[in-house]
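Asks: Here you go, one structure.
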Amino acid sequence: MHFLSESHLDGGLLERRFDLDQVPGILWTPALTASAPVPLILLGHPGDLHRMHPRLLDRARQATAQGFAAVAVELPGSGERPPIAALEQARADLRRAIAAGERPPADVVDRLVLPLVEQAAAEWRTCLDAALALPEIAGPVALSGGVIALGVRLALVEPRIVAAGLFAGSHVPRSILEEARRVTIPVHVLLQWDDRDNDRQAALDLFDAFGSAEKTLQANLGGHTGVPAYAAEDAARFFARHLRPVPYEGRTPRRSQCDTPQKSSTMP
């Protein structure tokens, strides 16, 4: 992880931009990290770190206010990274189907999502290796948002991730649905009920497929960008429950334990 720049923001927040094997990323750490390493939240997003920076910074502020570090990396083919011709073609095919009022064919979804998941999951795991090697970060680790199929894959294959907060707003291949059945960590899924670009039933099917003993579905009225503020507060409580740090007394945070795993669904 090669740091390229650092900015000291208000509230003691440190923002550092880095390059990791030609993958751009941003790491945010809270004040007082010198006295005790902190847990980490992986901030997923749909692509283009520059465009997404204001929203990512808001989420990072929320994470660091709770005593966690946060990190985001550029997705393959997005932002400053070179385009991937096959993904661009699949994305164009997907947009044509949506514009025509059709359900995107399964092969188009597979061509768009599965190669992205394969490459991005490997890059995220490399990022996690590098972040946890820093003295100010010790885990445990949680995942927040981003392409939900990628979140499912990471929740399944990365044992250092202890909880996942997912946003139901992207297409999910059938094979990813099957992977969800083997996910056992706690999950919190946010669904915007009136998101025109999201297949609501597919999102419900995915939630039902998760094999987790503790899983929560929060569905709110509104479109993709109409997420209410209290939904973010609920997600923050979810992360606090599973990444609860020991008070800053020079001790390393431990993974929190839920006394009674629950399966719940929250609907407006």
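What follows is calculated from the coordinates using simple rules that are stated; it is not laboratory data. Source: prediction; values computed, not measured. Reconstructed Cβ throughout: ideal geometry from the backbone, glycine too, with neighbour counts over all protein chains shown.
Asks: If Rh is defined by the Kirkwood formula over all Cα pairs and Rg also comes from Cα, what ratio Rg/Rh do you get for the chain? The partial results should precede the final answer.
Replies: Working: Rg = 18.0 Å, Rh = 18.9 Å.
Reported Rg/Rh, Kirkwood definition of Rh: 0.95.
Asks: Within 10 Å of each residue's Cβ, count the other Cβ atoms and sort T184, T64 from fewest upward. Kindly include the intermediate steps, with their values, before the conclusion.
Replies: Numbers: T184 14, T64 24.
By the 10 Å Cβ count, ascending: T184, T64.
Asks: Please list, in chain and number order, the residues 5+ apart from G139 or on another chain whose amide H is under 5 Å from its amide H, with Hs placed from the backbone.
Replies: V38, L40
Asks: Another question, if that's okay. About the Cα centre of the stretch 178-242, how large is the charge dipole given +1 on each Lys and Arg Cβ and -1 on each Asp and Glu Cβ? Please answer in debye to the nearest 20.
Replies: Details: 7 positive and 11 negative charges, 50 e Å.
Roughly 240 debye for the stretch 178-242.
Asks: Continuing with the same structure: For the stretch 2-266, what proportion of DSSP beta bridges, expressed in % and rounded to the nearest 5, is antiparallel?
Replies: Numbers: 17 of 45 bridges.
Among the beta bridges of the stretch 2-266, antiparallel pairing accounts for roughly 40 percent.
Asks: Is there a quick way to get the dipole size of the chain? I mean about its Cα centre, with the Cβ of Lys and Arg at +1 and of Asp and Glu at -1; what is the value in debye to the nearest 20? Provide the component values of the computation, followed by the final result.
Replies: On the way: 28 positive and 32 negative charges, 99 e Å.
It comes to approximately 480 debye.
Asks: Can I ask one more? Rounded to whole Hz and in sequence order, give me ³J(HN,Hα) for the stretch 194-202 from the Karplus expression 6.51 cos²θ - 1.76 cosθ + 1.60, θ = phi - 60°, writing x for Gly and Pro.
Replies: After applying 6.51 cos²θ - 1.76 cosθ + 1.60, I find 10, 6, 5, 8, 10, 7, 4, 5, 5 Hz.
Asks: Could you list which residues have their amide H under 5 Å from that of S170, counting only those 5 or more apart in sequence or on another chain, with H placed in the peptide plane?
Replies: For S170, whose amide H was placed from the backbone, the distant partners under 5 Å are I148.
Asks: Scan around H188 for amide H atoms under 5 Å from its own, H built in the peptide plane at 1.01 Å from N, and keep only partners 5 or more places away or cross-chain.
Replies: A164, G165, L166, T216
Asks: Let me ask you something else. Sort R95, R241 by Cβ crowding within 10 Å, fewest neighbours at the top. It would help to have the intermediate numbers written out before the result.
Replies: Values: R95 12, R241 15.
Taking fewest neighbouring Cβ atoms as first place, the list is R95, R241.
Asks: Where the only charges are on Cβ atoms (+1 Lys, Arg; -1 Asp, Glu), what is the dipole of the stretch 1-78 about its Cα centre, to the nearest 20 debye? Numbers along the way, then the final one.
Replies: On the way: 6 positive and 8 negative charges, 39 e Å.
Here the stretch 1-78 has a charge dipole of around 180 debye.
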